[in-house]
Structures are given as structure tokens and as C-alpha cells.
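Values in this text are rule-based calculations from the coordinates and carry no lab data. What you are looking at is a predicted structure, and each value in this text was computed from that prediction instead of being measured. Note that each Cβ is placed from the backbone with ideal geometry, even for glycine, and that neighbours are counted across all protein chains shown.
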Amino acid sequence: MASAGLFYFANRQEVPYSKRTRFIWTTQELENGFGERAFKDLLQENQGHILSLDHKASRTVSRVLKRLVTALEMDLKAKGLPPLPYNWDFRVIDSPMLNAAALPGGKVVVFTGLFRVTPNEDALAVILAHEISHVVARHGG
């Protein structure tokens, strides 16, 4: 029991945005590796359904993601926080699924079904911002 308590207290840290304390035992590098592997697996599972980066839907996601990441980086800098160690990347998968996901390390997947419920880029930005917040909060860890 004492070992478990020591492990818990040794792996607590302050969340940069909320200033709350959380338990997290994984390193940023480990999480980024998990995200990279999951991203590759998703792409392999959906091979033949991945839209080119020149496709209209991919260009839309690229614009929205670029705006969100730029805003995030500006906010981190304004708060005196270090930049995030992410290599943001995305793919759009042609699927009726109403979903998007942001994986540890900044890997983003958007399914085209989501465009049926997002009438404009601002609506898409709300969903992607929510997904990105999971990455920033390190929920994968």
C-alpha cells in the first residue's frame, strides 16, 4: 500500500492550463509514440479510403487545423508556457462515420461523415478544438 501511495504522489503534476493536479505516469515521448502507432494503424485499416491532401475536404481540414494550432501556440506563448512537442498531421477518411479524433502527438483523423453535420469551417473548428484539447490535456496518458 505504501508503494502504491508513493507511486501515486511521485507521478502527480500540475496541468498547465487548469492548474489542477493530475496523476500521469507516462512520458510525453511514450504518448507521442502511442499516437504515432495508432495513427498508422488507422491509416492502414482505412487504406483505399484516405482522401488525398489536395481533396477539398482535406484542404478544409488543413485550414481549420492550421488556425487552431496557431491559436494554441500563440496562447501558450502568451501564458509563458513551452511549445508542445507535437508534429501535427492529419488525414481525412472517406466514411459515413460522424467522428474525428486527435491522437497523442498531434495526429488528427476526420471522417467525411462529419461534414454532414458541420455546415461551415467554424462548426468543424469547434469539433476539432475539442479533439485537440484531449491531446493538450494528455488524456492519452
Give the total of Lys-Lys pairs in the chain with Cα-Cα distances below 26 Å; include a pair only if its members are 8 or more places apart or on different chains.
13
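Antiparallel DSSP bridges in the chain: what percent, to the nearest 5?
Bridges in the chain are about 60 percent antiparallel.
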The ³J(HN,Hα) series, computed from each phi in the stretch 103-109 with the Karplus coefficients 6.51, -1.76 and 1.60 at θ = phi - 60°, rounded to the nearest Hz and given as x for glycine or proline, is 9, x, x, x, 8, 10, 10
VAL108 long-range amide H proximity, modeled H, under 5 Å:
ASP89, PHE90, ARG91, LEU103
Listed residues ARG37, ARG59, ARG116, most fluctuating in the chain (Gaussian network, C-alpha, under 10 Å)
ARG116
Hey, in the GNM for the chain with a 10 angstrom Cα cutoff, which one of GLY106, GLY33, GLY48 fluctuates hardest?
GLY48
What does the charge add up to near LEU98, with Lys and Arg as +1, Asp and Glu as -1, over the other residues with Cβ less than 14 Å from its Cβ?
-1
Between GLY113, GLY80, GLY105, where does the largest GNM mean-square fluctuation fall for the chain, given springs only between Cα atoms within less than 10 Å?
GLY80
Given [x] 1.10; [y] 1.03; [z] 1.51, which label gives Rg/Rh (Cα atoms, Kirkwood Rh) as computed from the coordinates?
[y]
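Tell me, Kirkwood radius of the stretch 59-141 from alpha-carbon pair distances, in Å? Walk me through the numbers on the way to the answer.
Values: mean 1/r = 0.0765 Å⁻¹.
Hydrodynamic radius (Kirkwood, Cα pairs) of the stretch 59-141 is 13.1 Å.
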Applying a 10 Å radius around every beta-carbon, put 18-25, 90-97 in order of their mean neighbour count, most first.
90-97, 18-25
